[in-house]
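K.L.:
To start, I am sharing the structure in question, which I have written as structure tokens.
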Amino acid sequence: MVSEDDLKVVLDELHRLRTRVPQLTGALAAGVDGLVVAHDTPWGDPEGLSALTAAALGVAVRVTDATGNGGFRELLVRGEGGYVATYAAGRTAVLTLLAEGRVNVGRLHLEGRRAGARIGELLDAAEEAARSVRPAGRPLDALSTTPPTRTPRTTSAETRPATGS
């Protein structure tokens, strides 16, 4: 569980990020489960964007796994009116930024990666602190918000018995 103080620090980071990149139209920190952690958005549906971010994250993770490019780091979507950029933020969260089409994409990446790292460090530390004060008698993994480790998929070619052809 993230404390109110930690949530305020995350929200402050989102505000500072929007100050550093004026072309941002919104910023959202969310868990990989699709739940909003904090947001600085002028429009009314951060929960919907958070859920969509989780769905896109699922696809992005599968693509990086399938191509052998390692763990997820970021995703950039360009639409006619602007950009949606999602960055890894620690083990259990992501940072999603909305930007106007005229944004400097290099600057967006620079600031997004830095903010994602700071938010990730904060949320990971809060998770560890919550684990260390768990109630007696409850297993550690009962309080964990870390998603289960995925086992690599076996392709049909790997499961076929070897033949002499």
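The values are calculated or read from the model by the stated rules, or taken from the named source; none is laboratory data. Note that the coordinates shown come from a computational prediction; the quantities given were computed from them, not determined experimentally. Here the Cβ is made from the backbone with ideal geometry for all residues, glycine too, and neighbour counts use every protein chain on show. Side chains included, ligands, DNA and RNA excluded: accessible areas come from the protein's heavy atoms. Shrake-Rupley method; radii C 1.70, N 1.55, O 1.52, S 1.80 Å.
K.L.:
Need the full-extension length gain, R131 to D5, defined as separation in residues times 0.36 nm minus the C-alpha distance. One decimal, nm. Display every interim value, and only then the final one.
P.N.:
Details: separation 126, 0.36 × 126 = 45.36 nm, distance 1.74 nm.
Contour length minus the Cα-Cα distance gives 43.6 nm.
K.L.:
Continuing with this model, one more query. Quick one: go through region 88-104 and flag any residue whose amide nitrogen is under 17 Å from the point 7 Å out along the Cα-to-Cβ line of R73.
P.N.:
88-91, 94-95
K.L.:
Give me the extension gain from A66 to E47: residue separation times 0.36 nm, minus the current Cα-Cα distance, reported in nm with one decimal.
P.N.:
Gain on stretching A66 to E47: 4.0 nm.
K.L.:
If you roll a 1.4 angstrom probe over the protein chains with everything in place, what fraction of the accessible area of region 1-138 belongs to carbon and sulfur, to the nearest %?
P.N.:
Reported share for carbon and sulfur atoms: 56 percent.
K.L.:
Regarding region 51-110, what is the average projected area of its C-alpha convex hull, in nm²?
P.N.:
Result: 4.5 nm².
K.L.:
Here's something else I'd like to know. Which order do the peptides 47-58, 108-119 take when ranked by the mean count of other beta-carbon atoms within 10 Å per residue, highest first? It would help to have the intermediate numbers written out before the result.
P.N.:
Values: 47-58: 16.7, 108-119: 19.4.
So the order, starting with the most tightly packed, is 108-119, 47-58.
K.L.:
Sticking with this one: What nm value, rounded to one decimal, do you get for the distance between A55 and E100 when each label is placed 7 Å out toward the C-beta?
P.N.:
For A55 paired with E100, the spin-label model returns 2.9 nm.
K.L.:
Continuing with the same structure: Which whole-Hz couplings ³J(HN,Hα) result when phi for each residue of region 113-130 is put into the Karplus expression 6.51 cos²θ - 1.76 cosθ + 1.60, θ = phi - 60°, listed in order with x for Gly and Pro?
P.N.:
My calculation for region 113-130 gives 5, 4, 5, x, 5, 5, 5, x, 4, 5, 5, 5, 5, 5, 5, 4, 5, 5 Hz in order.
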